[in-house]
1. Can you go through R101, R112, R41 and tell me which one is surrounded by fewer than 18 Cβ atoms within 10 Å (Cβ to Cβ), in contact (Cβ under 8 Å) with a residue 60 or more places away in the chain, closer than 30 Å to K443 by Cβ and assigned by TED's automatic domain parsing to the domain that holds L406?
2. Let me spell it out: the conditions are (1) surrounded by fewer than 19 Cβ atoms within 10 Å (Cβ to Cβ); (2) at pLDDT below 95, and Y75 meets all of them except one. Which number is the exception?
3. Among (1) surrounded by fewer than 17 Cβ atoms within 10 Å (Cβ to Cβ); (2) at pLDDT below 95, where does A169 come up short?
4. Please verify whether D143 is touching a residue at least 40 places away in the same chain (Cβ under 8 Å) and out of contact with any Gly (no Cβ under 9 Å at 6 or more places or on another chain), treating the condition exactly as stated.
5. Working carefully through the options L279, L258, find the one that is of a type in the set (A, V, I, L, M), over 27 Å from E314 (Cβ atoms) and either in contact with a strand residue (DSSP E or B) (Cβ under 6 Å, 6 or more places away or on another chain) or surrounded by fewer than 19 Cβ atoms within 10 Å (Cβ to Cβ) (or both).
6. E446 is checked against (1) crowded, with 24+ Cβ neighbours inside 10 Å; (2) at pLDDT below 95 and fails just one. What number does that condition carry?
7. May I ask you to say which residue of F467, F429 is within 20 Å of the chain's Cα centre (by Cα) and either among the hydrophobic types (A, V, I, L, M, F, W, C) or closer than 30 Å to A42 by Cβ (or both)?
Amino acid sequence: MPTLIERILARVAFHHARRTFQQFERACADVDRAQQQALQRALAQVRGSRFWHEHRLGAVRTPADLRSALPLHAYENLRPVLERVADGDVGALLARGAAPRMFATSSGTTARTKLIPVTPAFIADYRRGWNTFGLKMLLDHPDAVLRHILQSSGRHDESRSAGGVPCGAITGLLARSQKRIVRRFYVGTPTIAAIRDTRTRQYVLMRSGIARDVAFAVTANPATLVQLARLADEQSESLIRDVRDGALSADLGADEPLRPALTAGFRPDPAAARRLEQLRDEHGALRPRDYWRLSFLACWTGGSMGHYLPRVREWYGDLPIRDVGLLASEGRVSLPLDDNTPVGVLDVTSALFEFLPIEAADRVLNHGAGSLGGGASTHGAAATLSARELEVGRDYVVILSNTTGLLRYRLDDVVRVHGWWRQCPLVEFLHRAGRVASVAGEKLTENQVVAAVAAAAESLNMPTPDFMLAPVWGDPPHYRLSTTTDDPAFGPAVDRELSRQNSEYAGRREGGRLGRLSVRPVSASVFAAMDARLVARQGATAEQYKRPCLVPVVEGDDQALGGDAKT
């Protein structure tokens, strides 16, 4: 039970968070002012840097000035300057005082990981977004206040940059710097994130929380919720024994030095162990819906993530689910304010936003990253739109300028506008722009697939066969390679190379959120027939036609290749 001091401190924290939400409401009622302030905060992070002088950003006063000064940037355009920052040359991009506390890592369009500078200002913006989101969530579910929280977060120091700065998940840094009154209610400690083996890490998290009064669970990917619940059921005998004995039976291997910190709060609890055993016997399985008194869940529900929700409810019950919003390593885009919808309010306090209509974005993508800018009069591309210029029912690609030092950055997430809240658009994440597939958060790009197939063929000393890759739904989902080779070694080789090309694919394969790649033999004539259909449909010449190598839609390869592919 919370102590009197904790109740008082929680009331103070709740009051502060309520003010944060009220400030967000005011910003949404005056979007132009909020976006102007976001621009000034973004510019302050690069003021005086070589990037600032090179692009003459001292003359920028308004969003229109920024569009005139800079083209749109994809990550690969900015990689050279960002890598100089990672090497320790902060002044290449960032202002004095804006040295990054860490680099958030994410998969890029090539095998090389993206490194996003996490400046002190960006940490404040990121935390403010989470506070705003969390406050509204708890206002809607007051029975969850001062009860335990299960949260899965990553490690902020998985590696180090050449300049010695930690690289990893920003959620790990936020967990370590969380206020004590809030951290008191998380069932897991930040130390858990340091466990290298995914399954062991998940076991320790469930051991830490299974006997507590958990009010809600929050994790970006709903697949993680399913994994946690399933593992606890599979390991129920061991977990119940650990709860009874106040122990941790997990084999930590190389992470054994972490054991004292991981077990510091464990105490024998025979009564809780008996209750868990009774629930397992009564229901035939040990499920969170039975052993926790849950108020709601928080995870992604939009895009391909919606496929997981039926299985989430099988384990956790028919609960309200609050989408955590469109959230990337580069920053937050939306703040959902209601349960059971992926639609959220554009977070106009976190960044200056621009939007490309999807039709114009396709042309920009086809011309290559960064070769076109955002202002029709200055850079020759279709003009970007501001937040207040969007139309309900239309789809747009998100561009942001924020306190990471990224200006006019093509996030390449596609959103659909559903309406308005105050002066802010309500947006829903649909998918990544271009040919990018993501059924478990891996963001696999077409050029990664092409590179992986070529490397696999070379490793087997064979010519590159015809091929097409597409996600297939399952438990867990996986990718299917339709190809003209019948070499049994080819599929495993491609799977290995995909892990080398994309670190997030590798992590999800290792963690069990993605299954092993499957192979489907397809004749060369099926590929030829597809090529002929697509050339005719697109009205292109054979020289202009580019065969799709990655189909992002689940089982979209069936439609692309035609009925013969299924045989």
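The values are calculated or read from the model by the stated rules, or taken from the named source; none is laboratory data. Computed from a predicted structure; not experimentally measured. All Cβ positions, glycine included, derive from the backbone under ideal geometry; neighbour counts span all protein chains shown.
1. On the way: R112 fails: in contact (Cβ under 8 Å) with a residue 60 or more places away in the chain; R41 fails: surrounded by fewer than 18 Cβ atoms within 10 Å (Cβ to Cβ).
Only one candidate passes the filter, namely R101.
2. If we test Y75 against (1) surrounded by fewer than 19 Cβ atoms within 10 Å (Cβ to Cβ); (2) at pLDDT below 95, just (1) comes out false.
3. (1) is the only condition that A169 fails.
4. yes
5. Working: L279 fails: over 27 Å from E314 (Cβ atoms).
One residue alone meets the criteria, L258.
6. (1)
7. Only one candidate qualifies: F429.
Residue-by-condition table, conditions (1) closer than 30 Å to L514 by Cβ; (2) at pLDDT below 85; (3) among the acidic types (D, E):
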| site | (1), (2), (3) |
| --- | --- |
| D347 | yes, no, yes |
| E359 | no, yes, yes |
| R363 | no, yes, no |
| H367 | no, yes, no |
| G374 | no, yes, no |
| R416 | yes, no, no |
| H431 | yes, yes, no |
| G434 | yes, yes, no |
